[in-house]
Amino acid sequence: MADNDLYRHQLIERLEHEKRAAQAEIARAQADEARARARVSEKDAAIASVRAAREPQADECKRCRFEFGRTSVLRPMPSKSKHARFQCALCGAEEERA
Ligand SMILES: [Zn+2]
């Protein structure tokens, strides 16, 4: 009988250990889900902001207007091609214009 009790006790201990491991897995999965949901919210906010941005002026950096909601006037850069090159001083984006 004592033998059965010991067996039962050890089996329960092992199952409790496996249960704690599964609970830890749930906690990690929930943390992953929370981070993924936060990223979805960030992207929704970013999409709404891009949609709401006004049209950039002709001499304005598109990236700064659409992505960062700020105004930055492009500066001319030396160019070897027949197209004029411009660069944004704030974000570094480059544009080529005919
Ligand atoms: Zn820019």
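We did not get these values from a lab; they are worked out from the coordinates using the rules stated. Everything numeric in this text was worked out from a predicted model, so none of it was measured. Here the Cβ positions follow ideal geometry from the backbone for every residue, glycine too, while neighbour counts run over all protein chains shown.
Find the relative contact order for the stretch 56-98 and round it to a whole percent, using C-alpha pairs within less than 8 Å whose residues are 6+ positions apart.
Details: 67 pairs, mean separation 12.5, N = 43.
In percent, rounded to a whole number, it is 29.
As a footprinting exposure proxy, order GLU60, GLU13 by other Cβ within 10 Å, with the fewest listed first. Spell out each step's value before the answer.
On the way: GLU60 17, GLU13 10.
The order, fewest Cβ neighbours first, is GLU13, GLU60.
Which of the aspartates and glutamates could be linked to LYS43 by a straight reach, that is with a Cα gap under 17 Å, when you skip same-chain ones fewer than 8 residues away?
Cα-Cα hits under 17 Å: ASP32, GLU33, GLU67.
Can you compute 3J(HN,Hα) from phi for each residue in the stretch 70-80, using the Karplus curve 6.51 cos²θ - 1.76 cosθ + 1.60 with θ = phi - 60°, rounded to whole Hz and x for Gly and Pro?
10, 9, 9, 7, 5, 10, x, 10, x, 9, 8
Just rank MET1, MET77, fewest to most, by other beta-carbon atoms within 10 angstrom. It would help to have the intermediate numbers written out before the result.
Details: MET1 5, MET77 12.
Lowest count first: MET1, MET77.
What dipole magnitude, in Debye to the nearest 20, does the chain give about its Cα centre under +1 on Lys/Arg Cβ and -1 on Asp/Glu Cβ? All intermediate terms of the calculation are to be shown ahead of the outcome.
Details: 20 positive and 17 negative charges, 178 e Å.
Charge dipole of the chain: 860 debye, to the nearest 20.
Counting alpha carbon pairs within less than 8 Å and at least 6 residues apart, what relative contact order, in whole percent, applies to the chain? Could you put the intermediate results ahead of the total?
Numbers: 79 pairs, mean separation 12.9, N = 98.
Taking the mean separation of contacting Cα pairs over the length of the chain, I get 13 percent.
If the only charges are +1 at each Lys and Arg Cβ and -1 at each Asp and Glu Cβ, what is the size of the charge dipole of the stretch 56-98 around the Cα centre, to the nearest 20 debye?
Details: 9 positive and 6 negative charges, 22 e Å.
Computed charge dipole of the stretch 56-98: roughly 100 debye.
Straight-line reach from LYS80: which lysines fall under 29 Å, measuring Cα to Cα and dropping same-chain residues less than 8 apart?
By straight Cα distance, LYS80 reaches LYS62.
Using +1 at the Cβ of each Lys and Arg and -1 at the Cβ of each Asp and Glu in the chain, identify which of GLN10, THR71, GLN23 lies farthest towards the dipole's positive end.
Checked the options; the winner is THR71.
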